[in-house]
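What follows is calculated from the coordinates using simple rules that are stated; it is not laboratory data. Note that the structure is predicted; figures quoted are calculated from it, not measured. Virtual Cβ from ideal backbone geometry, glycine too; neighbours counted across all protein chains shown.
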Amino acid sequence: MPSLRTLLVAGLAAMTAAAAPGRAAAAALDDKPSLAPRSPYDADASGSGSGSGSTVVARDEPGHTPLTPKYFHEPGGSLSRGHYDQRYFQREVEYAEHRVVLRDLVRSYLATMHAHGVETWLAHGTLLGWWWNGRVMPWDYDLDVQVSNDTLQWLADHLNRTEHPYRADAHAPAKTYLLDVNPHHVDVTRGDGMNIIDARWIDMANGMFIDITGLRERDPALPGYWSCKNAHRYASQDLWPMRLTDFEGARARIPYSFEKILSVEYGPKSLVTEEHAGHRWDRATKEWVIMTPEEKEKRQSEARERKRLQMVRDGRLPAP
């Protein structure tokens, strides 16, 4: 198990006690998950490795920038298709459907990690969605979570390429999710950027996924600072102790200094701005709602007028 497991006992006990009957975190899981077929995109194309991260030698010798084959592949063809795993992509999930797909995706992930005693927490846009209303933001088409490097290694050693059946509720059909750990999770540096995602939790029915990235103390000159391959850096005291919360109806963990982390990554305005990506925040329902074409045009017109008045004040346009 991860070396942090002993630190999790109290937190996991609290999660178990707080989870209500019928909650997603208490959904039935397969005690003996089946081993999934090997990925055709395995990085060690020679076939000499097992596909588990524990068998791959790190390629980050000093002075050497690794040029590694990309492990995870997306179908491409549009921006939205970058949020699907190529192996399981069937079609682009419609706007009206995708939040339910992502809700079940994150519930299944959190329930499975909880069942195995794994510490994982919400990150990036997923954490921002939690900040607003504990839900996936409607313009998001994937999810982000983080784990420690020790936990990531444990996942590679014990759960890599395993399939996990999950039933969202008693009346829903069971779906199957795949945990796939990138063999290049052992690479310490970003390299050429082809393998910055360390693992994915994938909906095998449609290819939508959760990106899983590992944090480690990468810089010997900065002990106590944890970072991923994409240069997101956090102080230990900003991550731990984790806070327990709810996200999409499931128990979840978030970093201790979540507000600071969000402000650094997205700017302080991200916590108060009530319009984004064609959506507006409805204070009555506490939900993001998509704007009508008329609303969009009105706001664009108002923005143009504010810009014109600013240019008049700055002397860049003559006063009317």
As a footprinting exposure proxy, order Phe258, Phe209 by other Cβ within 10 Å, with the fewest listed first.
Phe258, Phe209
With the charge dipole of the stretch 202-320 built from beta-carbon charges (+1 for Lys and Arg, -1 for Asp and Glu) about the Cα centre, the Cα from Met204, Leu317, Leu262 projecting farthest to the positive end belongs to Leu317
Gyration tensor verdict on the stretch 195-270 (Cα atoms; rounded if a/c is under 1.5, prolate if a/b is larger than b/c, oblate otherwise)
oblate
Using amide H atoms built in the peptide plane, which far-off residues or other-chain residues are under 5 Å from Ser148 H to H?
Leu215
Based on C-alpha coordinates, I'd like the Rg and Dmax of the stretch 185-320, in Å.
21.3, 63
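Regarding the stretch 139-225, what is the average projected area of its C-alpha convex hull, in nm²?
On the way: hull surface 30.9 nm².
It is 7.7 nm².
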About its Cα centre, how strong a charge dipole does the stretch 274-320 have in debye, to the nearest 20, once Lys and Arg get +1 and Asp and Glu get -1 at the Cβ?
280
Rounded, prolate or oblate: pick one for the stretch 231-270, where a ≥ b ≥ c are the square roots of the eigenvalues of its C-alpha gyration tensor, a/c under 1.5 means rounded, and failing that, prolate if a/b is larger than b/c, else oblate.
oblate
Please give the length that would be gained between Glu297 and Tyr95 if that part of the chain were fully extended, namely 0.36 nm times their separation in residues minus their C-alpha to C-alpha distance (nm, one decimal).
70.6 nm
Cα gyration tensor of the stretch 274-320 diagonalised, 5x eigenvalues square-rooted, in angstrom largest first, produces semi-axes 30, 11, 7
